[in-house]
Amino acid sequence: HTKYDPKEIEGKWQARWEADQIYHASDESPKPNFYHLVMFPYPSGDLHMGHWYNYSPFDAYGRFKRMQGYNVMQPIGFDAFGLPAENAAIKRGVQARTWTLSNIENMRKQLRAMGAQWDWQREVITCLPDYYKWTQWLFLQFYKKGLAYRTKAPANWCPGCNTTLANEQVLADGTCERCGSVVIRKEIDQWLLKISAYAERLLDFSEVVDWPEKTITMQRNWIGRSEGAEIRFSAEINGQIEEVPVFTTRPDTIYGVTFFVLAPEHPWVEKITTPDQRAEVDAYVTQARRMTEIERMSTEKEKSGVFTGAYVTNPVSGEKIPVWIADYVLMSYGAGAIMGVPAHDQRDFEFARKFGIPIREVIRTEGEEATDPATWTEAKEALGVMVNSGPFDGTPGEESKARVIAYIEEKGIGHSKINYRLRDWLISRQRYWGAPIPIVYCPEHGTVPVPEDQLPVWLPENVQFKATGESPLRYEPDFVNTTCPICGGPATREADTMDTFIDSSWYYLRYADPHNETAAWSPEKLQDWLPVNQYIGGVEHAILHLLYSRFFVKALHDMGHLNFDEPFQRLFHQGMVLGSDGQKMSKSRGNVEAPDKYVSKYGSDTVRCYMMFIGPFDAGGSFRADNLEGIWRFLNRVWALIGDTWINTPSTKGSNESKAIERLRHKTIKRVTEDLSNFRFNTALAALMEFNNALIKQQRDPVAQSAAYQEALVTLLQLLAPFAPHITDELWQQIGHTDSIHTTEWPAYVEELTQDEAFTLVVQVNGKVRERMEVAADISEEEVRKLALENERVQSFIGSASVQKVIYIPGRLVNIVVRN
Ligand code: ANZ
């Protein structure tokens, strides 16, 4: 038998699979469809260890499903718009498109070398016009429904990248996710998608089949639903009574309001500030604008603020309340203004303490004595009985909120309200390398959507980059200057491009119908394939990509474009592959390992199996190059076993040994099937290694000639096929098959045969049969003694007599000799 040489066999099989198109998911298959999706890569240039760590088990699972009889669709593509391509264009003068496409070329090679069952015919590349044309079409559908709108809004602005950022792209410390610069706030005209309109729907996960609880919780928290009330306070401005609303989750504390706070950006600040407070207020507003929301919300930050000189009226108590501005109140949340209740809100407590504002207790725990708030060290935030609250005194905690809400609704001074933390999705990017927003501005007709039959709005291939903070497209006359679709007069195009998260919000829909030139997809094909049955990808996408995709699908469902409203039935997050030092792989730590080196040394099969053997798939683990040797030896042993012991005409004679092999075979099928079904790739491999070892042990025995043993070799190959697709197909061919092992059926097991063999043990006391019991065939004498002596019935016959002797006849009976 020849030596195992992955170099020789892997390329050969990759080419054959592709020529035979065995991984192409046909739209016409009689088998049930299974849509198996992994998050597509960004074309950075190379597949890294993380891709291998994620894609290897992903592929093994897809192959397992295929062998189980599913018509598996396992597509791959590239999330190809975005900043790095643009930065390469700026730094190195290459075209973003050229840079991207050559990276894709290289990564395709690496993806092929992995030997995964990619359906290349369905490849999707988001930066190409045949894709972004439909991204633009989707934008227009949102626009038509009022779900895309333009407004001047404060944006997170990164001075390093010269662009706006989504909230999610700003790190907790207020710096840019990409370049680390401190993010500032800036007001510009931008496009947003109204994801907030879907907040309630997005909280509903009832259509999801199996998602990690943790991810659901993260999305719920991100959406941040709060139940409360909007209450309108009033003030006299220039002789007119005007109203200003606040949002509160604690209407029951209305009598405890001792100050009122407007966000520094609140339009009322301008109107109500008294002349003597003006200078101080203006200075504070300027300073607050420089801070990010994250900094402003920090609980560590000392409270700051300025009195405006004005007062509002509490609509319930009629009291006059001083109006302050403070940066801990955000313009973008609730009503941008709050009623300050220092006794029962910690932030308000700190604020009042700092500025000497009175603290008035209005909620008290049942049965507690009154205490002086001046002695408190913190706010009392728990619900309780209303006190110092006029006609509401004595209302218990469970009723308090509802009673106040009923009162304000009756008086017409407010109403109950649900508020969400979820902001609308800012999609404008002042960037070149993205899908142009298909909008034209006409001096006559204003904002005009590009007619659908004029799509795509082409992205120029070569542009000048200027560090202006505006989209480079603004300086491309051929792009910007156009005519109005309504009147034909001169008009200009929107020069911003779309956030790349838009591209990835629908790529999984396009895979179902990737070459459609007349529509984004055909409804029939979508219906055949979606929703995605299994989705695998990083937990870092829990609130970005995964929430946006759900929003897209729900909105498109409501527009009548889809007949389902959750994109991904099952979701699984892989763990992280770490460096050999147990630390995250990073250039600065110098612990980055490139997979290619190991693929060329050991072959893809070894690297794939090793990735799955590192640890539980969701836990991740350290990549230790030395440990590849263990897998390499395992595959070599499989190679040698099959090569040396395969015979074409086994003897069919049964024997005890062959029965044991048959049992082990069924047991192993069961273990591997269950492990794969539950993403336990490491333990499945361990089972295969044990199986392999057991067979090797007997390969020189007569039993190796039996049908049972030869059948076991076949099973070993089939069970190993999802993990190591090349070596198994090669050996499959060597033992005489002409079809690919990957088109064979997954081995079935018989439950009964997975149980250990048993026999009936007869138990005698002084030669008389007293009990029978079922025990395992390989039970030891010691266990037999113990079982027999501890048996209750047997004990009743022994009574107080003393046991003299226990005689065991293996496989049959045990006799207990006793004497009184
Ligand atoms: C009075 C009050 C009394 C409040 C009390 C709480 C406790 P969540 O749960 O996050 O929705 N708030 C409202 N709008 C705000 C804004 N734009 N910036 C900062 N804070 C704001 O929190 C809602 C509570 O946060 C609201 O209820 C309000 O303070 C504050 F004993 O009103 B509360």
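The values are calculated or read from the model by the stated rules, or taken from the named source; none is laboratory data. Quantities reported herein were computed from a predicted structural model and do not represent experimental measurements. Heads up, the Cβs are rebuilt from the backbone with ideal geometry, glycines too, and the neighbour counts pull from every protein chain shown. Side chains are part of the model used for accessible areas, which takes the heavy atoms of the whole protein and leaves out ligands, DNA and RNA. Shrake-Rupley method; radii C 1.70, N 1.55, O 1.52, S 1.80 Å.
Structure above, values below:
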{"item": "Centre separation in Å (Cα based) which lies between the range 573-613 and the range 121-144", "result": "34"}
{"item": "Distance (nanometres) between label positions extended 7 Å along Cα→Cβ at I807 and A686", "result": "4.4"}
{"item": "Net dipole in debye of the range 248-361 [+1 Lys, Arg Cβ; -1 Asp, Glu Cβ; about Cα centre; nearest 20]", "result": "80"}
{"item": "A374/Y311 FRET efficiency (R0 22 Å; Cβ-Cβ; nearest 0.05)", "result": "0.40"}
{"item": "GluC sites (Glu not before Pro) lying in DSSP loop within the range 515-563, provided at most 16 other Cβ fall within 10 Å", "result": "E517"}
{"item": "Cβ-based net charge around L203, under 9 Å, with every Lys or Arg adding one and every Asp or Glu removing one", "result": "+1"}
{"item": "Assigned charges on the beta-carbon of Lys, Arg, Asp, Glu; the chain dipole about Cα centre (debye)", "result": "1760"}
{"item": "Selected from S226, M114, T500, residue furthest toward positive end of dipole (the chain; charges at beta carbon)", "result": "M114"}
{"item": "21 Å Cα cut-off, lysine pairs counted over the range 646-780 (separation 8 or more, or different chains)", "result": "5"}
{"item": "Proximal lysines to K303, defined as alpha-carbon separation beneath 21 angstrom and excluding residues fewer than eight positions away on the same chain", "result": "K354, K380"}
{"item": "Within the chain, percent of DSSP bridges classed antiparallel, to nearest 5", "result": "75"}
{"item": "Length added when fully stretched, A283-S651, from 0.36 nm per residue minus Cα-Cα", "result": "123.0 nm"}
{"item": "Lys, Arg +1 and Asp, Glu -1 on Cβ, resulting dipole of the range 375-458 about Cα centre, debye, nearest 20", "result": "280"}
{"item": "I647 - accessible surface, heavy atoms, 1.4 Å probe, Å² rounded to 10", "result": "50"}
{"item": "Diffusion coefficient, µm² s⁻¹, Stokes-Einstein with Kirkwood Rh over alpha-carbon pairs of the range 148-200 at 25 °C and 0.890 mPa s", "result": "208"}
{"item": "At R0 = 35 Å, FRET efficiency that the Cβ-Cβ distance of K466 and K214 yields, to 0.05", "result": "0.20"}
{"item": "Along principal axes, Cα extents of the range 212-259, largest first, whole Å", "result": "57, 22, 15"}
{"item": "Directionally averaged shadow of the range 316-405, computed from the convex hull of its alpha-carbon atoms, nm²", "result": "6.6"}
{"item": "E751, E213, reordered so the largest accessible area comes first (probe 1.4 Å)", "result": "E213, E751"}
{"item": "Unit Cα scatterers, Debye sum, the chain: log10 I(q)/I(0) for q = 0.05, 0.08 Å⁻¹", "result": "-0.42, -0.87"}
{"item": "Proximal charge balance of F572 [Cβ under 10 Å; K/R count +1, D/E count -1]", "result": "-1"}
{"item": "Probe 1.4 Å - accessible area at T217, Å² to nearest ten", "result": "70"}
{"item": "Net lengthening on full extension, A406/A19 (0.36 nm per residue, minus Cα-Cα)", "result": "132.1 nm"}
{"item": "Heavy-atom surface of the chain, accessible at 1.4 Å and reported per residue (Å²)", "result": "44"}
{"item": "Heavy atoms of S234 accessible to a 1.4 Å probe, total area in Å² rounded to 10", "result": "30"}
{"item": "Volume per residue that the Cα convex hull of the range 255-324 spans, once the total is divided by residue count, Å³", "result": "103"}
{"item": "H48, H666, ranked by accessible area, largest first (probe 1.4 Å)", "result": "H48, H666"}
{"item": "FRET efficiency, 1/(1 + (r/R0)^6) with R0 41 Å, evaluated for E105 and Q733 via beta carbons", "result": "0.85"}
{"item": "Whole-percent carbon and sulfur share, accessible surface of the chain, 1.4 Å", "result": "48"}
{"item": "Average Cα contact separation per residue, the range 576-685, under 8 Å, 6 or more apart, as relative contact order %", "result": "29"}
{"item": "Most to least accessible of E86, E265, E302 (protein chains only, probe 1.4 Å)", "result": "E302, E265, E86"}
{"item": "HN-Hα J in Hz across the range 627-640 - Karplus 6.51, -1.76, 1.60, θ = phi - 60°, x for Gly and Pro", "result": "6, 4, 4, x, 5, 4, 5, 4, 5, 5, 5, 4, 4, 5"}
{"item": "0 to 90° range, to nearest 10: angle between helix 6-20 axis and the chain longest Cα axis", "result": "70"}
{"item": "Inter-probe distance in nm under a simple model that places probes 7 Å from Cα toward Cβ, at N636 and K697", "result": "2.3"}
{"item": "Prolate/oblate/rounded call for the range 1-158, Cα gyration tensor, a/c under 1.5 rounded", "result": "oblate"}
{"item": "J(HN,Hα) series, the range 684-694, from Karplus relation 6.51 cos²θ - 1.76 cosθ + 1.60, nearest Hz, glycine and proline x", "result": "4, 5, 4, 5, 5, 5, 4, 4, 4, 4, 4"}
{"item": "From phi via Karplus (6.51, -1.76, 1.60), per-residue ³J(HN,Hα) for the range 549-565 in Hz, x at Gly/Pro", "result": "5, 5, 4, 4, 5, 5, 5, 5, 4, 5, 7, x, 8, 9, 10, 9, 10"}
{"item": "Under 19 Å from K152, Cα to Cα: aspartates and glutamates that are on another chain or at least 8 residues apart", "result": "E187, D189, E265, E270, E293, D424, E470, E494, D496, D499"}
{"item": "Between the range 1-52 and the range 302-341, the alpha-carbon center distance in angstrom", "result": "61"}
{"item": "Shape call, the range 442-541: gyration tensor on alpha carbons, a/c limit 1.5", "result": "oblate"}
{"item": "Gain on full stretching of the segment that runs from N678 to I241 - 0.36 nm per residue minus C-alpha separation", "result": "150.8 nm"}
{"item": "Span from the the range 786-820 Cα centroid across to the the range 368-391 one, whole angstrom", "result": "75"}
